[in-house]
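J.: Here's a structure for you.
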Amino acid sequence: MSIKILSRDDIFTEAPEWRRPGASNYAAMYSSVFGGIVTDPALMVMPLDDHIINRGDGIFEYFDIVNGFVYNFEAHLARFERSAGLISLDLPFDMDTIRAITLETLAVSGAKDCGVRLFLSRGFGDFGCDPTTPKKSLFYVVVILKSFEIPPQTYTEGVTAITTHVPLKPDFYAQVKSTCYLLNALVDLEARRNNADYGIWYDHEGHLTESSTENVAIVSREGILKYPRFDHMLKGTTLLRAAELAKGLVAGGTLKGVSQTDITQQEVYDSTEMLILTSAFFVVPVVKYDGKAIGAGKPGPVFHQLAGLIQKDKTENREVLTPIPYP
């Protein structure tokens, strides 16, 4: 077998299909390694010996851009900073600079309906595990164009879920939005192998926690929107926003209350509605769980009204919308 030894020109001279304008799902990237922004996907790279790649020693954050505004930006930045602090990962810049870099990268991309990922790495320099060997932490921003359309039936017919058998992350790690998502990936794998859309975790005491990359809430038979405590899971920005908005449904009589509390598996089975909440899809209804119908087996009134409130929040509420300084 003879493998071609490639030069820099071999890789960067030719322009394959995925590098042509509009062909890639990645509109722009900022890298503190290079100290600037690139828009050519071929240049959107990280060092191979970056500890975020070979050790999972790093954190990330994801959020949506809606009609040219960053939705819930400050909540995501606060969680990003908290995750870094929990694992003693120094920020290479202060938060005002991180905010400014993110907004400028978005402006350069020109994208007005997209997603953004922030990455904070321990740094590069070797393939070891020692977090003190990298000289400095690194910061990346990636602007991701919407690469898929959510099937309409997701909202009209709902999704399915199962209880996962994958071990739950220890409490400390579950509260850090790290790039080490092996267990999360295995939850999704188990769900797919069982013809389900989502896998659901429970803690060692049998209480509901979360899905692989999503939060979970239920509407109890008493009409209370319940969501789990954050002792064993990531603090979801969309979940917290939804819980705040749901107070309006209490005032309107659709709900009897909103409560953060322990939730048993039986309570989930008995619930009238089950909701998946995420920064990507915001809210989707679960109509079947572990083969059992949830409520009437179709999206319920709380889902429909809450989805409407979130849609209005992310498009009209200037208190949670940060403008992007496009040219």
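J.: Taking Cα atoms, how many degrees apart are the long axis of helix 95-109 and the longest axis of the chain, rounded to 10 and kept between 0 and 90?
T.: Orientation of helix 95-109: about 80 degrees from the principal axis.
J.: OK, next. For the modelled label position 7 Å from the Cα of PHE172 along Cα-to-Cβ, which residues of segment 209-248 have backbone nitrogen atoms closer than 18 Å?
T.: Taking a point 7 Å out along Cα→Cβ of PHE172, the residues of segment 209-248 whose backbone N falls under 18 Å are 231-235.
J.: How far is helix 73-86 tilted, in degrees, relative to the longest principal axis of the Cα atoms in the chain, given as a value from 0 to 90 rounded to the nearest 10?
T.: 70 degrees
J.: Would you please put 269-275, 118-124 in order of how densely packed they are, using the mean number of other Cβ atoms within 10 angstrom per residue and starting with the highest?
T.: 118-124, 269-275
J.: Along Cα→Cβ, 7 Å out, is where each label goes; now give me the distance between the ones at ILE11 and THR264 in nm to one decimal.
T.: Calculated label separation equals 5.7 nm.
J.: Just to confirm a number: summing +1 for Lys and Arg and -1 for Asp and Glu over residues other than PHE60 whose beta-carbon lies under 11 angstrom from that of PHE60, what do you get?
T.: Result for the local shell: +2.
J.: Per residue of the chain, what 222 nm ellipticity follows from adding -39500 (n - 2.57) for every DSSP H run with n ≥ 4, rounded to the nearest 500?
T.: -8500 deg cm²/dmol
J.: Within the set LYS256/LYS312; LYS112/LYS226; LYS177/LYS298; LYS112/LYS136; LYS169/LYS247; LYS177/LYS312, which residue pairs have Cα atoms separated by over 29 Å?
T.: Cα-Cα > 29 Å for LYS112/LYS226; LYS177/LYS298; LYS112/LYS136; LYS169/LYS247; rest within.
J.: Of the options ILE144, LEU182, GLY206, report the single residue whose Cα projects farthest towards the positive end of the charge dipole of segment 118-211 (beta-carbon charges: Lys, Arg +1; Asp, Glu -1).
T.: ILE144
J.: Pairing the Cα long axis of helix 301-316 with the longest principal axis of the chain, what angle in degrees results, from 0 to 90 and rounded to the nearest 10?
T.: Rounded to the nearest ten degrees, it is 40.
J.: Within segment 128-162, what residues put their amide N at less than 12 Å from the label point 7 Å along the Cα-to-Cβ vector of CYS180?
T.: 129-131
J.: Report the calculated FRET efficiency for LEU189 and GLU222 (r = Cβ-Cβ distance, R0 = 30 Å), to the nearest 0.05.
T.: 0.25
J.: Enumerate by residue number the trypsin sites (Lys or Arg not before Pro) in segment 210-302 meeting two conditions: DSSP loop (anything except H, G, I, E, B), and at most 11 other Cβ atoms within 10 Å of the site's Cβ.
T.: Those that pass, being in a loop and sparsely packed, are ARG221.
J.: A follow-up question, please. At a Förster distance of 45 Å, what's the computed FRET efficiency of ILE3 paired with TYR326, Cβ-Cβ distance as r, to 0.05?
T.: The calculated FRET efficiency here is 0.50.
J.: Same structure again: Using 1/(1 + (r/R0)^6) with R0 = 30 angstrom and r between the beta carbons of ARG318 and LEU86, what's the FRET efficiency to the nearest 0.05?
T.: Efficiency, rounded to the nearest 0.05: 0.45.
J.: Would you pull out the residues with amide H under 5 Å of ALA28's amide H, same chain only if 5 or more places away, H placed 1.01 Å from N?
T.: Distant-sequence amide H within range of ALA28: VAL143.
J.: Work out, step by step, the length gained on full extension between HIS304 and ASN67: first 0.36 nm times the residue separation, then minus their alpha carbon distance; give nm to one decimal.
T.: Extra length available between HIS304 and ASN67 comes to 83.1 nm.
J.: Give me the percent relative contact order of the chain, please, defined on Cα pairs under 8 angstrom at least 6 residues apart.
T.: 19 percent
J.: Magnitude of the Cβ-charge dipole of the chain, K/R +1 and D/E -1, about the Cα centre, nearest 20 debye?
T.: 400 debye
J.: Let me ask something else. Charges at C-beta only: +1 for Lys and Arg, -1 for Asp and Glu. How large is the resulting dipole of segment 153-316 about its Cα centre, in Debye rounded to 20?
T.: Here the size comes out at about 320 debye.
J.: May I pose another question? State the extension gain, in nm to one decimal, for the chain segment bounded by ILE150 and ALA293, taking 0.36 nm per residue of separation less the distance between their alpha-carbons.
T.: Gain on extension, ILE150 to ALA293, equals 49.2 nm.
J.: Let me ask something else about it. How much length, in nm to one decimal, is gained on full extension between PHE127 and GLN311, taken as 0.36 nm per residue of separation minus their Cα-Cα distance?
T.: 61.8 nm
Throughout, read-outs are computed from the coordinates displayed, never taken from laboratory work. All figures in this text were calculated on a predicted structure; none of them were measured in a lab. Neighbour counts are summed over all protein chains in view; Cβ atoms, including those assigned to glycine, are modelled from backbone coordinates with ideal geometry.
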